[in-house]
Each structure stands twice: as structure tokens, then as C-alpha cells.
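Report on the following structure.
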Amino acid sequence: MRESPSLWINSSTATIYRHAEDKPMTEEHGVIGSGFSVDVAKAWERSFFNFRLPKTRQIALRIAIVLGDGGVMTPYRNLVKFGLGGHQGSGNQKFSWIHIEDLFNIVLFLRKNQELSGVFNCSSPHPVTNRELMAHLRKLMNIRIGLPCPTPMLEMGAFFMGTETELILKSRWVIPERLEKAGYAFKFRHLDEALEQILMNS
């Protein structure tokens, strides 16, 4: 019979929290939201934590939007490139993010610190608004003009693409309280630093 692993890390999602423009969501004080994507996340975590292996630490990573070469950066860069890099919706919704290098280093950090278990928010300590995100991208890509995309246009586009506007319009205000208290030092704390590194190396 094989021994159980010493560490089991499952990917979860920061979208498990409610739409938040009033206050940040931490592991201890965050409010779980509602809706299809939230229900999937809750079921995923419930299934993961409903069992226990006596010699295994169980960790669920509530991961914010990951920034790196490719992935979500591709559509955002294309929007800016073609003059559509203004804010989406009101532009006030929070954009919680994490650089892919920090996500990798967090896994190593949690593996090393054997007293840690449970849920961890994987997001930069400094989320921005959607409006700030697009402004940073326009500045770094040296494109002055960016037309905004109002909510009705987003809803129309989402309908034809068979997707949900929640991906853009939901305000994800997530803070990595447990990681910072445990001593993890983020390499990319601010969005402009993360975007500059990605754009220079892609």
C-alpha cells in the first residue's frame, strides 16, 4: 500500500468571493458569492476538504487572474492595439491579478513551510481597477487612444461569443492576507512592474 503524499495542493479560484467594490476579500473575512462559477468553486473546495489524509497537508489556492506571456494578456493587448483599450463597463470594478512567477514561487513557499494548510488567496497585494489596468497597458504599449466598451456592448459581444460578461465586469477585490502574514515576499507587487516585465519579454 502506498503512503499518502505529504502535500496536496488543489487549484481553486478567487472568483469564489462576491462582487466587491466596497471592501477587500480576505481568507478570514471574505464573503462567498453566488452564481454558476461560484457554485462550481464551492463544490470543488467542499469535495477537496471533505476528506482527510492523516499525513497529508491540504491546500487550496484561490487564484486571481494570472498574468504572463499569453493567456489573458493576449486579448487585452489586442484590445489596446486596435484602439479599444478603454475601460470596460464602469471601469470601477476591481481587477485582482498575480504574476505567473509569483504563483510558481508561492507553491514552493507553501511546500517549504510545512505548518501551513487550508485556503490561500493567490493575488497581488495591490489590485487595481479595470480603468487603471487599461491605462497601464496603453501607457506601456505607447498607445494614447483607447475607446471604452459600455456594458450593453459587452453583453452583446458575450452573447455572440457564448460567454459571460462576468469575466470582465465582476469586481474581484482579493487580498493575500494569509500569505503575507506567513512571510511570503511578492516579486511583483505592483501592476506596472508586472506588465512591463511581461511586455519586455514577450
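The values are calculated or read from the model by the stated rules, or taken from the named source; none is laboratory data. The structure presented is a predicted model; accordingly, all values stated were derived computationally and were not measured. Don't worry about glycine lacking a Cβ; one is built from the backbone with ideal geometry, like all the others, and counts go over all protein chains shown.
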Going through the stretch 10-26 in order, the residues found to be closer than 10 Å to Arg172 by Cα, outside any loop (DSSP other than H, G, I, E, B) and touching an Asp or Glu at 6+ places or on another chain (Cβ under 9 Å) are Thr15, Ile16
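Conditions (1) under 23 Å from Glu45 (Cβ atoms); (2) surrounded by fewer than 21 Cβ atoms within 10 Å (Cβ to Cβ); (3) hydrophobic (A, V, I, L, M, F, W, C), marked per residue:
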site: Phe82; (1), (2), (3): no, yes, yes
site: Gly85; (1), (2), (3): no, no, no
site: Gly89; (1), (2), (3): no, no, no
site: Asn92; (1), (2), (3): no, yes, no
site: Ile100; (1), (2), (3): yes, yes, yes
site: Phe104; (1), (2), (3): yes, yes, yes
site: Leu110; (1), (2), (3): yes, no, yes
site: Glu115; (1), (2), (3): yes, yes, no
site: Gly118; (1), (2), (3): yes, yes, no
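Can you pull out every residue in the stretch 27-36 that is touching a strand residue (DSSP E or B) at 6+ places or on another chain (Cβ under 9 Å) and either surrounded by 16 or more Cβ atoms within 10 Å (Cβ to Cβ) or at positive phi (or both)?
Listed by number, the residues that qualify are Glu27, Gly30, Gly33.
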Does Arg138 count as of a type in the set (Lys, Arg), assigned to a helix (DSSP H, G or I), surrounded by fewer than 20 Cβ atoms within 10 Å (Cβ to Cβ) and at pLDDT 95 or above?
yes
Given the conditions (1) in contact (Cβ under 8 Å) with a residue 12 or more places away in the chain; (2) assigned to a loop (DSSP other than H, G, I, E, B); (3) surrounded by fewer than 17 Cβ atoms within 10 Å (Cβ to Cβ); (4) more than 16 Å from the chain's Cα centre (by Cα), every one holds for Glu180 apart from (2)
